[in-house]
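Inspection log for the structure reproduced underneath, given as structure tokens.
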């Protein structure tokens, strides 16, 4: 913690000022979010060099397109994570026929549940989501989680979990629809 | 729970897009729809709000220092092609500062800090270093702005850089290996972020050093070329109580 935390600007402020070409705000935004977003890149891509390239792409896009951030639709951190995941997923789709992963046994996949260390609002949202995830049937929950963290396609997930493609689709789709109704109840 | 499965739910594709399970073509189709239809974009945004909190489980990982420099370079933030410079980046201010390198520079920096300091800051801590070369001349001066986690490195009249080579700044904590701070310049002031690992080690027992590296920085993560300047780090004080 640095002394400057006492007068933190919100990420939304920093993003708005970045849209106005404020380089200091942009640098501060980088400093405050780079570790979070780099973690997301590494988790999905699992290669350091590629993760660095994607993170660089993310922040150059942020500088160029910060004006397209609409605070009414999502918080700044959500926007940044969405941008990062999109770029990481695009990168994953460009990988050709690489043998990606070891098979997964969904019966044994652990349900991690960590205490998120991020800002208060996002930890409340996390708690609600985690609660709804827990209400899903185990295979649905694990496939949704695995899909989220790996960025793999239905086809890749089905292969890795050694189940037929329609089965994987059905688990994930049921999971998503149930999550929606749970989160909106 | 017994929600019926509805494969035809129009929202499903948007949810699948956000989750990340669609192939490249299907992703591109959703992205086109988002551009053309506000309703599609709003539905995707709603799924972002629903699912992205799960990213809280992913551990933070500090990217390497030089990534910020790479971003600055890509965006042409380099002082040579910038438009109106900000105060800290103003070349003339820094050039003037480095003429009085050493103790005088520290005093000047403190004076400037007082001018630009934001009044609500609870405390402001600075450290400074004069990076001397073997001939005794000052190569660079560095100011570590601890509160804002950054270091500002200003060239005086550095020598010993071959063409096609670039100066890289390192922090060497006592008894530890050098840690890359980032690429600096021989002809322009550079501001670099100080990550937690560096912030934790900046102090009077650590040393700053400049080595000669390929333009993108040392390929190994450790200095590979000659060390052309070094300097100890002195506290330039905390201004918390003196000016509030």
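The values are calculated or read from the model by the stated rules, or taken from the named source; none is laboratory data. Only a predicted model underlies this, so the values are computations on that prediction, with no experimental measurement involved. Cβ coordinates were reconstructed from backbone atoms using ideal geometry, including for glycine residues, and neighbour counts include every protein chain displayed.
The set of residues in region A:154-185 being under 19 Å from residue B:48 (Cβ atoms), surrounded by 21 or more Cβ atoms within 10 Å (Cβ to Cβ) and either facing chain B (nearest Cβ under 8 Å) or free of Cβ contacts under 8 Å to residues at least 12 places away in the same chain (or both) consists of A:172, A:173, A:176, A:178, A:179.
Can you tell me which residue among A:23, A:31, A:36 is in contact (Cβ under 8 Å) with a residue 60 or more places away in the chain and either in contact with a strand residue (DSSP E or B) (Cβ under 8 Å, 6 or more places away or on another chain) or at the interface with chain B (Cβ under 8 Å from one of its Cβ atoms) (or both)?
The unique qualifying residue is A:36.
Taking the stated definitions as given, is residue A:84 buried (at least 19 other Cβ atoms within 10 Å of the Cβ) and either facing chain B (nearest Cβ under 7 Å) or more than 14 Å from the chain's Cα centre (by Cα) (or both)? When the stated conditions are applied, residue A:84 does not pass them.
Here region A:52-63 is the region considered, the condition is being within 8 Å of another protein chain (Cβ to nearest Cβ) and in contact (Cβ under 8 Å) with a residue 24 or more places away in the chain, and the residue that is nearest to the chain's Cα centre (by Cα) is A:55. Condition first: outside any strand (DSSP E or B), free of Cβ contacts under 8 Å to residues at least 60 places away in the same chain and over 21 Å from residue B:66 (Cα atoms). Now tell me which residues in region B:128-159 satisfy that. B:135, B:136, B:137, B:156, B:157, listed by residue number. Name the one entry in B:236, B:180 that is buried (at least 20 other Cβ atoms within 10 Å of the Cβ), assigned to a strand (DSSP E or B) and at pLDDT below 85. Matching residue, one of B:236, B:180: B:236.
Once region B:138-159 is narrowed to residues that are over 23 Å from the mean Cα position of the chain (by Cα) and modelled with pLDDT of 85 or more, the residue that is farthest from residue B:233 (Cα to Cα) is B:159. Residues that are at pLDDT below 55, farther than 30 Å from residue A:89 by Cβ and touching a strand residue (DSSP E or B) at 6+ places or on another chain (Cβ under 7 Å) number at least 3 in the following helices (runs of 4 or more DSSP H) confined to region B:24-127: B:91-99.
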